[in-house]
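Participant: Take a look at this one; I'll ask things after.
The values are calculated or read from the model by the stated rules, or taken from the named source; none is laboratory data. These numbers come from a predicted model, not from an experiment. Positions of Cβ are generated from backbone atoms using ideal geometry, with glycine treated the same way; all protein chains shown enter the neighbour counts. SASA here: full protein model, heavy atoms, side chains in, ligands and nucleic acids out. Shrake-Rupley method; radii C 1.70, N 1.55, O 1.52, S 1.80 Å.
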Amino acid sequence: MSATPQRQFALQGAAVILVLSLAWPYFGWQVGAIPWLETSLAIGGVAFIFATLSRQPWWWRAMHAGFMPLIWLTQGLNIEPGWFLLAFVLLLLVYRGALSGQVPLYLSNRQTVQALADLLAERGTSRFLDLGSGLGSTTVPLADHLPESHFTGYENAPLTWLVGRVLSLGRPNICWRWDDLWQAKLGDYDVVYAFLSPAPMEKLWHKVEAEMAPGSLFISNTFPVPGRAPDRIIEVDCTPPRPLYCYQR
């Protein structure tokens with residue numbers, strides 16, 4: 001099962017239906033109220049099993065296991081509905097990519113930035129594209145390290161784009177764009193960098209093959225391209241490990 005939002009909702013719904021289809025007749029026969037805490041834990045357990053059987057990544061398994069118990073917990077806190085709306089809006093402003101493209105917000109660390117700076121220094125002046133550039137944790141320090149190169153960041157979550165835009169001010173070698181990464185013209189760049197998730201990598205590789213020019217370089221942080229051996233792997237000295245998978249065009 002692919003990790004599309006629709007299928008994740010279907011998986012959670014299947015767990016709810018299965019548990020309630022057993023709980024309602026049983027407690028109805030006993031003429032007793034359904035113990036919702038235990039029922040929510042059972043739904044979480046069944047959802048976790050379904051997610052495991054369908055080979056979901058570990059974070060999806062954890063979310064499925066905790067989703068219904070957290071609902072039970074929050075409904076007992078008597079929180080005003082407006083706060084949930086506010087939380088949803090804030091999450092959408094920051095994590096829009098997770099909803100629209102299964103790409104959560106990942107921030108590159110200092111060790112990764114240094115490894116990228118060393119790699120770019122080997123290549124000389126470059127036109128660098130960061131797909132899903134978040135807060136600019138990669139693009140901004142690289143622009144400071146390599147003022148002769150030009151850096152472009154694509155980000156589609158409004159709030160993170162705004163923060164990155166502010167941080168990139170005063171740096172003429174940065175172009176900061178609020179746009180979907182699939183709209184980027186990869187052929188305009190020598191180096192394309194992505195720190196996304198396993199979900200879009202196969203589709204992204206097709207785009208790389210179709211658009212990037214011979215001699216250019218595609219780099220994926222942590223997530224390799226399925227079925228394609230990288231030309232080089234740079235092991236970054238950090239915890240957890242975040243290797244850079246390099247694919248020469």
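Participant: Give a quick list of GluC sites (Glu not before Pro) in the range 148-249 that DSSP marks as loop, anything other than H, G, I, E or B, with at most 14 other Cβ atoms within 10 Å.
Facilitator: Passing sites in the range 148-249 are 148, 235.
Participant: Sticking with this one: Give the ranking of 110, 61, 177 by solvent-accessible surface, highest area first, calculated with a 1.4 Å probe.
Facilitator: Order by accessible area, largest first: 110, 177, 61.
Participant: Carbon and sulfur together cover what percent of the accessible area of the range 112-224 at a 1.4 Å probe radius?
Facilitator: So the carbon and sulfur contribution to the accessible surface is 55 percent.
Participant: Further question: Which whole-number value in Å² is the accessible area per residue of the range 104-161, probe 1.4 Å?
Facilitator: It amounts to 39 Å² per residue over the range 104-161.
Participant: Pull up all non-local amide H partners of residue 192: gap of 5 or more, or a different chain, and H-to-H distance under 5 Å with H placed in the peptide plane.
Facilitator: Sorted by chain and number, the residues that satisfy this are 129, 217, 218, 219.
Participant: How big is the accessible area of residue 223 in square angstrom, nearest 10, if you roll a 1.4 angstrom probe over the protein chains?
Facilitator: Surface open to solvent at residue 223 totals about 30 Å².
Participant: ³J(HN,Hα) across the range 228-241 via Karplus (A = 6.51, B = -1.76, C = 1.60, θ = phi - 60°), whole Hz, x for Gly/Pro?
Facilitator: Coupling constants for the range 228-241: 10, 6, x, 6, 7, 10, 9, 7, 8, 7, 8, 10, x, x Hz.
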